[in-house]
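A.B. asks: Take this structure, written in structure tokens, and hold onto it; I'll ask about it next.
The values are calculated or read from the model by the stated rules, or taken from the named source; none is laboratory data. Note that this is a predicted model, so its numbers are computed, not measured. Reconstructed Cβ throughout: ideal geometry from the backbone, glycine too, with neighbour counts over all protein chains shown.
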Amino acid sequence: MTAENGQFVIETFSLTKIFADWWGRNRVVAVDNLNLKVRNNQVFGLLGPNGSGKTTILKMLLGLLHPTKGRAVVLGGDGRDPKITSQIGFLPEESYLYPYLNARETLDFYGRLFGLNSRVRKARIDALLDMVGLAGMANRPIGTFSKGMARRIGLAQALINDPKLLILDEPTSGLDPIGTRQIKDLIVELAKRGKTVLLSSHLLADAEEVCDRVTILYGGLVQKEGSVEELLEIKDKTQITTNVLTDRTVEQIRRIVEKDGGEFEIRPPLQKLEAFFIDIVRQAQRQKRPTSGAINRIEATDAERATAVSNVLNKLVAAKIEPHKKTEQTEEIETIQIKPDYDVLGKLTEEQPRCVGAGQEKNPDASGAKIEKQNDVKKDMLDELTKPEGFIGQRNSRAKKREEKENG
């Protein structure tokens, strides 16, 4: 099945990658017979410890590595096909960016690679810089950014072409909790808009919140695969969440549970540390405390966060990509031809008009003698150029020898 018929955006068949040393002896199986199916409009997580083959899988999908065995189908074709790659956004594990370009120039560079016209580039760059919290630092060189800030620009470049498939390798690496929360909100909103996201990570809490389905790798082999709910559900326990209970009610529940032979434990629920951290930062922002880092306004509710992300994505897709048109200037440039060398020799041999200065007498005999002398000099120059040991002479001599050789 292919992405066009609504089934699989990514499908692999016994995909295998084996690395060997110079002599081909020490063989390392990075990926072993991987059969992966990622459906359309799905957030799929590749999970596993370092060295489990996650990045190798992504590189084979993109055509950056050639598989030892098997094959991969991406968006219905080969991941190396330019028609396919133009529909993919990729954030590598390390952000390889030009340090002397600023943030705006970096996004403009990637927009040009995708053939976006200037109007579309400008609209998307402004929206993306605002989304990643770097609108106020758009003119700073990338080389002065921290790892987290460079990571934000890396994510922005992965979205510059409004891709159908987004491949993210450790997307939250180096980001603070606020940036991490924003990336997760963005991934959820992209999935709502029909995008497919392949996420590679070893941060399990991040994948747990955003992934529809995950596969856990170890040693290049799939150890477990399924939906997050199926894999994490504890089937032999029951959890009850309610408002604060009185001591009398708690005691009644205890007696009922113990009577049925069950175990009973009661304690107040804990909120996640991420939520607690973001709440503290939100309070500081309300007090308008200054910061030298990326500026990320935190919305109060989940609905407000989703609306903010949705507004950014609306700006990204608002401008339609127009086909590139040739301008008169480019057509003129394409018709320019290199003139042959003998034009230069022609300039050397043409007669230049004699300039007579003020107060000088016109002496035909003197001028004729001078012109004759100049012609003698030019003749000597041409003789020097065309004699056998000269440049043109050598070229003519070589051509003559080739002709004699061909004629027998």
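A.B. asks: Determine, yes or no, whether Leu198 is buried (at least 23 other Cβ atoms within 10 Å of the Cβ) and closer than 21 Å to Ser86 by Cα. Steps first, please.
C.D. replies: Numbers: buried (at least 23 other Cβ atoms within 10 Å of the Cβ): yes; closer than 21 Å to Ser86 by Cα: yes.
Here the answer is yes, as Leu198 does meet what is asked.
A.B. asks: If I ask for residues that are touching a strand residue (DSSP E or B) at 6+ places or on another chain (Cβ under 6 Å) and surrounded by fewer than 21 Cβ atoms within 10 Å (Cβ to Cβ), which ones from the stretch 128-157 would you list?
C.D. replies: Asn139, Arg140, Pro141
A.B. asks: Only residues that are modelled with pLDDT of 85 or more and among the basic types (Lys, Arg): list them for the stretch 149-192, please.
C.D. replies: Arg151, Arg152, Lys164, Lys184, Lys192 - these are the residues of the stretch 149-192 that are modelled with pLDDT of 85 or more and among the basic types (Lys, Arg).
A.B. asks: If you don't mind, there's one more thing I want to ask. Only one of Asp130, Asp126, Asp162, Asp108 is out of contact with any Cys (no Cβ under 8 Å at 6 or more places or on another chain) and without any contact (Cβ under 8 Å) to a residue 24 or more places away in the chain. Can you tell me which? Let's see the steps before the verdict.
C.D. replies: Working: Asp130 fails: without any contact (Cβ under 8 Å) to a residue 24 or more places away in the chain; Asp126 fails: without any contact (Cβ under 8 Å) to a residue 24 or more places away in the chain; Asp162 fails: without any contact (Cβ under 8 Å) to a residue 24 or more places away in the chain.
Among Asp130, Asp126, Asp162, Asp108, only Asp108 is out of contact with any Cys (no Cβ under 8 Å at 6 or more places or on another chain) and without any contact (Cβ under 8 Å) to a residue 24 or more places away in the chain.
A.B. asks: So in the stretch 205-230, with the set limited to residues that are of a type in the set (Ser, Thr, Tyr) and touching a Gly at 6+ places or on another chain (Cβ under 8 Å), which one is surrounded by the fewest Cβ atoms within 10 Å (Cβ to Cβ)?
C.D. replies: Residues of the stretch 205-230 of a type in the set (Ser, Thr, Tyr): 215, 218, 227.
Checking which are touching a Gly at 6+ places or on another chain (Cβ under 8 Å) leaves us with 215, 218.
Numbers: Thr215: 22, Tyr218: 14.
Once the filter is applied, the top-ranked residue is Tyr218.
A.B. asks: To continue, here is another question. Answer yes if at least one residue in the stretch 105-127 is among the charged types (D, E, K, R), in contact with a helix residue (DSSP H, G or I) (Cβ under 6 Å, 6 or more places away or on another chain) and either crowded, with 20+ Cβ neighbours inside 10 Å or on the phi > 0 side of the Ramachandran plot (or both), and no otherwise. So that I can check it myself, show each step before the final result.
C.D. replies: Initial filter on the stretch 105-127 (among the charged types (D, E, K, R)): 105, 108, 112, 119, 121-122, 124, 126.
Applying the additional criterion that residues be in contact with a helix residue (DSSP H, G or I) (Cβ under 6 Å, 6 or more places away or on another chain) yields 108, 121, 124.
Among the residues that remain, those that are also either crowded, with 20+ Cβ neighbours inside 10 Å or on the phi > 0 side of the Ramachandran plot (or both) are: 121, 124.
Within the stretch 105-127, one or more residues are among the charged types (D, E, K, R), in contact with a helix residue (DSSP H, G or I) (Cβ under 6 Å, 6 or more places away or on another chain) and either crowded, with 20+ Cβ neighbours inside 10 Å or on the phi > 0 side of the Ramachandran plot (or both).
A.B. asks: Considering only the stretch 91-105, how many residues are under 24 Å from Leu165 (Cα atoms), touching a residue at least 40 places away in the same chain (Cβ under 8 Å) and assigned to a loop (DSSP other than H, G, I, E, B)?
C.D. replies: So the count comes out to 4.
A.B. asks: Exactly one of (1) within 13 Å of Leu198 (Cβ to Cβ); (2) buried (at least 20 other Cβ atoms within 10 Å of the Cβ); (3) of a type outside the set (Val, Ile, Thr) is unmet by Ala72. Its number?
C.D. replies: (2)
A.B. asks: Going through the stretch 57-77 one residue at a time, which ones are farther than 27 Å from Val188 by Cβ and more than 17 Å from the chain's Cα centre (by Cα)?
C.D. replies: His66, Pro67, Thr68, Lys69, Gly70, Arg71, Gly77
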